[in-house]
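So the structure is just underneath, and the comments pick up after that.
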Amino acid sequence: MTYRTPTTPLRPERALLHPLWLASLAVLVLNDHLLKGASLLPAELTGKLSDVAGLVVAPVLLAALLRVRSLRGWVAAHVAVGVVFCAIQLSAAAAAGWSAAMGAIGFPWHITRDASDLLALPALALSLVGLLAAMRRRVVQPARRSAEVVAAGAGLLCCAATSPPPSEEPFRPDFEADVYVHNGGSEPLVVRLRGLTDSIDLDCSAVAEDPGRLITEPLFGQSRSFVLEPDQSFPLRPSEWEWSWDGEGDIEGEFTGGCYAYLLDVDGLPPAVAFWNAGSVPTHLVPGEGYEEGSPRGGIDLLPSTDPDHLGRFEALGDDVVHLVPAAAPPAAGACAPQSDAGRLEWSTVPVGSWELVELDRGADGCFAVDLGTRDVEGNLQASERWYLCAPLSELGLVPGQRVSLSALGSNDDDESGVTLQSDDDPADGLPRVELTAYRGEVFPSTRGVNVAAVPEFDCGYVVGERCGTVTRSTAVTAGGGEFGVAELLPGEARTLPGDAGSMTIVVAHSEDRAALDPECAEGPDTLGLDLEVVTLYIEPDAG
């Protein structure tokens with residue numbers, strides 16, 4: 001019979017009195033609280049000493065606290081310490097999270113991330129192998145047990161209360177930037193910075209007329225906050241933030257193809273918009289602390305007021321790129337007022353093809369429900385389809401029983417820019433001839449010689465719309481041509497023009513020129529420029 005000697009359970013607390021562990025603890029204490037910052041040893045050496053000593057001390061404490069008894073648990077404790085150590089050296093988020101967690105229990109850590117600190121990882125192997133034998137000793141002396149408790153407490157305290165943050169002012173390196181902010185006051189300032197959202201499109205030359213009024217809050221995305229110390233400078237553009245944010249604090253969407261815009265919200269100062277055209281301010285070396293020498297470029301000096309009852313001010317350092325956000329003004333009225341989206345054209349998916357008009361109803365909301373169908377050879381109604389059209393028309397001029405054809409204009413997978421509906425019957429058959437075209441876009445297609453042209457009303461300035469921060473300007477619309485003559489229309493206006501055999505009704509449902517747009521929020525086309533929605537209805541009465 002074969003007998004197997006049972007494996008002796010590990011006792012990690014026994015390693016707390018091992019000379020290797022005690023020596024590592026002593027190095028950790030002396031290095032963190034005496035040698036660091038004393039200029040006795042190079043900073044690189046003191047940093048590596050702490051890493052090596054800590055990687056010997058920490059796994060034993062973890063195993064003792066968790067009452068590890070197996071070799072597998074002993075190895076797992078070392079792996080856990082190694083993973084955490086690697087994470088805080090390689091990830092800014094992990095380092096910040098660990099520092100915050102230690103701060104929550106009263107021991108804030110000052111972590112200096114350095115990938116070269118990973119060279120200390122072999123110290124884990126030293127702890128793993130060198131202290132294993134000590135944990136298998138059969139020692140039950142009460143005095144030793146008390147010493148182990150004291151050693152564990154000292155180890156925990158020394159690991160938690162690591163070296164404090166340096167008391168001297170941090171080094172603020174110079175950086176390359178075109179536009180930046182500088183704290184010209186004597187106290188730290190909290191700055192909240194918002195860039196344009198990714199989807200925003202701007203007409204840079206148009207909004208440059210008055211950026212503080214025209215580039216409004218709905219166009220900006222989420223804010224990033226930071227503390228700007230006295231005499232410190234900070235770049236606005238994300239590409240220059242690596243030294244401050246570790247590459248993880250980018251603000252999206254600040255570039256619109258030709259210009260930059262940021263919303264500045266600084267404690268004690270009025271809200272302002274920083275706006276400049278790409279290339280107008282050269283990228284140059286900016287001191288991280290202090291003012292530029294000579295002729296500065298692109299600086300925004302933040303000057304808080306010493307009077308708590310008054311706001312501070314912004315001062316341009318070189319280029320005039322900061323624009324105050326004016327107090328809310330009454331909305332524009334009359335012909336120059338922004339238009340509502342309530343009267344826009346809408347229709348359901350166009351059932352392309354030839355149909356019989358079965359029924360036509362106009363609802364209280366101004367939308368037409370058009371019931372369409374087809375018949376078999378025996379005259380029985382076969383397929384049917386309901387199509388909706390919302391347009392500012394009182395009638396469509398059709399009667400049930402008429403044959404009609406529908407087609408889509410500019411259709412694609414996402415949208416239909418227009419639709420045409422026309423009767424297939426001849427007026428000689430006693431039925432009216434009807435041709436309807438509804439279109440939304442920039443250029444209205446010619447129908448029966450009628451053209452629609454819209455140009456900006458230059459007497460009207462740009463205004464901010466009701467929602468989404470859309471910047472618009474009113475337009476003058478001219479419609480007509482051929483036998484119908486020409487007429488000028490205002491947005492929302494309808495005009496019926498007589499022709500040789502019938503009449504043409506033209507309705508301008510919407511017409512604006514747009515200079516700032518968020519396509520994900522605003523109605524209408526996804527591009528800047530003319531936002532035109534027009535419907536024309538030609539009716540030629542029956543010949544009878």
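Of all residues in the stretch 524-544 being acidic (D, E) and surrounded by fewer than 24 Cβ atoms within 10 Å (Cβ to Cβ), which is farthest from the chain's Cα centre (by Cα)?
Top of the filtered list is D542.
Quick grid of which residues meet (1) touching a Lys or Arg at 6+ places or on another chain (Cβ under 9 Å); (2) of a type in the set (V, I, T); (3) in a strand (DSSP E or B):
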position	(1), (2), (3)
G469	no, no, no
R473	yes, no, yes
T478	no, yes, yes
M504	yes, no, yes
E512	yes, no, yes
A516	no, no, yes
D526	no, no, no
L530	yes, no, yes
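Which residue is surrounded by the most Cβ atoms within 10 Å (Cβ to Cβ), if the candidates are limited to the stretch 448-476 and must be aliphatic (A, V, I, L, M), touching a Phe, Trp or Tyr at 6+ places or on another chain (Cβ under 9 Å) and farther than 13 Å from E488 by Cβ? Within the stretch 448-476, the match that is surrounded by the most Cβ atoms within 10 Å (Cβ to Cβ) is V471.
Residues in the stretch 485-510 that are in contact (Cβ under 8 Å) with a residue 60 or more places away in the chain and within 30 Å of T216 (Cα to Cα) were compared, and the one that is farthest from the chain's Cα centre (by Cα) is L490. Apart from one condition, V443 fits all of (1) in a strand (DSSP E or B); (2) out of contact with any Gly (no Cβ under 6 Å at 6 or more places or on another chain); (3) β-branched (V, I, T); the exception is (1). Taking the criterion of being at pLDDT below 90 and not in a loop (DSSP other than H, G, I, E, B), the only residue of the stretch 404-422 that qualifies is L409.
Here is a list: A327, A342. Which entry is without any contact (Cβ under 8 Å) to a residue 12 or more places away in the chain, under 30 Å from G268 (Cα atoms) and part of a loop (DSSP other than H, G, I, E, B)?
Of the residues listed, the single one that is without any contact (Cβ under 8 Å) to a residue 12 or more places away in the chain, under 30 Å from G268 (Cα atoms) and part of a loop (DSSP other than H, G, I, E, B) is A327.
Identification of strands (runs of 3 or more DSSP E) wholly contained in the stretch 147-260 with 2 or more residues that are modelled with pLDDT of 60 or more, in contact with a Lys or Arg (Cβ under 7 Å, 6 or more places away or on another chain) and surrounded by fewer than 21 Cβ atoms within 10 Å (Cβ to Cβ) yields 220-228.
The values are calculated or read from the model by the stated rules, or taken from the named source; none is laboratory data. Only a predicted model underlies this, so the values are computations on that prediction, with no experimental measurement involved. Neighbour counts are summed over all protein chains in view; Cβ atoms, including those assigned to glycine, are modelled from backbone coordinates with ideal geometry.
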